[in-house]
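To start, the structure itself, in structure tokens.
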Amino acid sequence: MSQNNGKLIDVLMLAKNDWANTGYRFWRCARSLGLNTIMFKGERHAFRYENQAPLHPSLTGLPVDLYPVTVMAPYLEFLLAQARVVHFLASTFILTPGWKWSPETKVVVQHGGSTYRLAPDRSNAIFNPICDATIIQCPDLLELGAKNETLIYYPVDTDALQPQFEPRYLGKILVGHFPSDPSVKGTAEILKIVGKLEADPTVSTRFGYQGIRNVGGTAHWVPWEEQLQRVGACDVIIETVNPSIAGRKFGEWGNTALEAAAMGKIVVTNSLSVDVYKREYGGNPALHIANTPEALESCLRDLMAMPDEEIAQRKHHARDWAVKNHSMEATAKRLWERVYRPLMEG
């Protein structure tokens, strides 16, 4: 690692909102590398994660714009001046009066959701002139014009999320679907397939559904710890079946898929970019891919027909994959090799 050039902070991470606590886990990854890493965000998370990044009062105001999330944040000049790398999370851009970017401060921006998906050109116009590297969290956001982009999926804490392999009901496979946003996850179509299977006597004795039943509102939201309990009670988790959002390509899996896999669950979800994943991570994801409602129905019927021994094998495979490719350790290594080392040692 190169000398710190007199700066006190190796990496300064900043966000308005840390969706799904993703930035907090990246912060932990950076710290595990031995880097002096500081993170601040502006809002506590609605899911009440037990451990979150600390708040900074300058980041708690209303955003100036949403594409990207632009925050007027005075009083951050000292932190910015002391950072070797400034890492903007969740498509957040910080406006600090009087601050000018210099070549000795490296800038990383990270995109992972609809803020970038719906208006990539606006984000690129702001970030590309100042950033040195871009982290893309899901492949549908690749090749939208970001500068020096690298795919790094969400890290999952496989030490904290221990597997729960044992079935809850002998002879019946329990399926759950617990979306944060049903409109994004394709819940309406998922529930149609669930209802169809529940009404089919050829599979209903092998199948039980424990997920949400409604597609509107936030009544199904629970604290994250309770969410894990719901996931843990299932054998199969349906995450997402939705090819597009507001006319933009989507159809990819996210944090829920990784958390469920880490807990030893069979995950059924969508992906339009399996070839990208295979190229970047050296193999196929241990997920059951269903990109349409019809494919979801077929996949669930196949699972219902499997013997218990094969169901158990697939649960173990999901857990092993999450640990190997997306644990905190695996993600920290990728973060260092693909992003931080080129900036700090280059």
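Structure notes:
- Computed E for MET306/ARG48 - FRET, C-beta separation, R0 45 angstrom, nearest 0.05: 0.80
- Residues of type lysines that LYS265 reaches as a straight line, Cα spacing below 24 Å, ignoring anything fewer than 8 places off in the same chain: LYS172, LYS185, LYS192, LYS196, LYS278, LYS315, LYS324
- Between THR60 and PHE165, the contour length at 0.36 nm per residue exceeds the alpha carbon distance by 33.7 nm.
- Coil-residue trypsin sites (Lys or Arg not before Pro) of segment 1-110, DSSP, other Cβ within 10 Å capped at 16: LYS7, ARG44, ARG48, LYS100
- Dipole of segment 100-171 [Lys/Arg +1, Asp/Glu -1 at C-beta], most positive-end residue of LEU144, ILE126, ALA160: ILE126
- Counting only Cβ charges, +1 for Lys and Arg and -1 for Asp and Glu, the dipole size of segment 21-119 around its Cα centre is about 300 debye.
- Top of ALA257, ALA322, ALA125 by mean-square fluctuation, Gaussian network on the chain, Cα under 10 Å: ALA125
- Inverse mean reciprocal Cα-Cα distance (Kirkwood Rh) of the chain, Å: 21.0
- Over all pairs of different C-alpha atoms in segment 170-292, the reciprocal of the mean inverse distance, the Kirkwood hydrodynamic radius, equals 15.1 Å.
- Net charge dipole size for segment 112-180 [Lys, Arg +1 and Asp, Glu -1 on Cβ; Debye, nearest 20]: 280
- Relative contact order (%) - segment 42-118, alpha-carbon pairs under 8 angstrom, separation at least six: 26
- GNM flexibility winner over the chain from ALA246, ALA286, ALA119 (Cα, springs under 10 Å): ALA246
- Extension gain (nm, one decimal) between GLN229 and ALA199, 0.36 nm per residue minus Cα-Cα: 8.1 nm
- Ranking GLY195, THR240, LEU12 by Cα position along the charge dipole of the chain, where only Lys, Arg, Asp and Glu carry charges on their C-beta atoms, puts LEU12 farthest toward the positive end.
- Rounded to the nearest angstrom and listed largest first, the equivalent-ellipsoid semi-axes of segment 230-277 from its Cα gyration tensor are 22, 12, 8.
- Taking Cα centre as origin and charging only the Cβ of basic (Lys, Arg, +1) and acidic (Asp, Glu, -1) residues, the dipole magnitude of the chain rounds to 440 debye.
- Length-normalised contact order for the chain - Cα pairs under 8 Å, 6+ apart - percent: 16
- Within segment 222-266, backbone nitrogen closer than 17 Å to the virtual label 7 Å beyond the Cα of ASP320 toward Cβ: 261-266
- Candidates MET328, MET72, MET39: whichever shows maximal mean-square fluctuation once the chain is modelled as a Gaussian network with Cα springs under 10 Å: MET72
- Segment 270-346 and segment 86-117 have their alpha-carbon centroids 29 Å apart.
- Proximal lysines to LYS106, defined as alpha-carbon separation beneath 27 angstrom and excluding residues fewer than eight positions away on the same chain: LYS7, LYS16, LYS41, LYS147, LYS333
- Dimensions (Å) - segment 71-215, Cα atoms, principal axes, largest first: 68, 34, 27
- Each Lys or Arg adds one and each Asp or Glu takes one away; over the other residues whose Cβ falls under 11 Å from the Cβ of ILE130, this sums to +2.
- Linear extension gain, THR292 paired with TRP221, 0.36 nm per residue minus alpha-carbon span: 23.0 nm
- Residues in segment 17-57 that a label on LEU118 would reach, taking backbone N under 18 Å of a point 7 Å out along Cα→Cβ: 17-20
FYI, it's all coordinate maths here, none of it is from the lab. The structure displayed is predicted, hence computed values, not measured ones. Quick reminder, even Gly has a Cβ in these numbers, built from the backbone with ideal geometry, and neighbours come from all protein chains shown.
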